[in-house]
1. What FRET efficiency comes out for the pair Thr37/Glu58, r = Cβ-Cβ distance, R0 = 25 Å, nearest 0.05?
2. What ranking, highest mean first, results for peptides 78-91, 55-68 when packing means the other Cβ atoms within 10 Å averaged over each residue?
3. Using the Cα centre as the reference, give the magnitude of the dipole from point charges on the C-beta atoms of segment 9-102 (Lys, Arg: +1; Asp, Glu: -1; all else neutral), rounded to the nearest 20 debye.
4. Please compute the net charge surrounding Asn38, taking Lys and Arg as +1 and Asp and Glu as -1 over other residues with Cβ under 11 Å from its Cβ.
Amino acid sequence: MTNQCFTITDDQGRSISNEWYEVYRVHIYVIDCVLWTNRCIELEFEYGKFAEVHDDFEGWGELVDQLDQYLPITDHLWRERLMNCSPDDKVDTIFERTVSNR
């Protein structure tokens, strides 16, 4: 991660790179996959695509620790909610880009 861009590598070794200004919304939630659960951060982009980052992906800890350094997230309790959420909880939007935070 840099001030301009980030790269996400999934558990299969596939990588995608985007620039921070392309992130339109950020959601947090938990997926229940019968045998395991995954905490997720979903980065939604202005052009309709998204990246779902699971807690077993390379760089997860770095993303959680540094996300609000790259995006103006004003809710300072989002990490606590991410760590405490359950599969029964609804999707929680922690960031939405507006004209004022471009």
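Bear in mind that the values in this text are calculations on the coordinates, not laboratory data. Note that this is a predicted model, so its numbers are computed, not measured. Using ideal geometry, Cβ is built from the backbone for each residue, glycine included, and neighbour counts are taken over all protein chains shown.
1. Working: r = 19 Å, r/R0 = 0.76.
Calculated transfer efficiency: 0.85.
2. Working: 78-91: 12.6, 55-68: 15.4.
Most protected by this proxy first, the peptides run 55-68, 78-91.
3. Working: 9 positive and 21 negative charges, 57 e Å.
Roughly 280 debye for segment 9-102.
4. Net charge around Asn38: -4.
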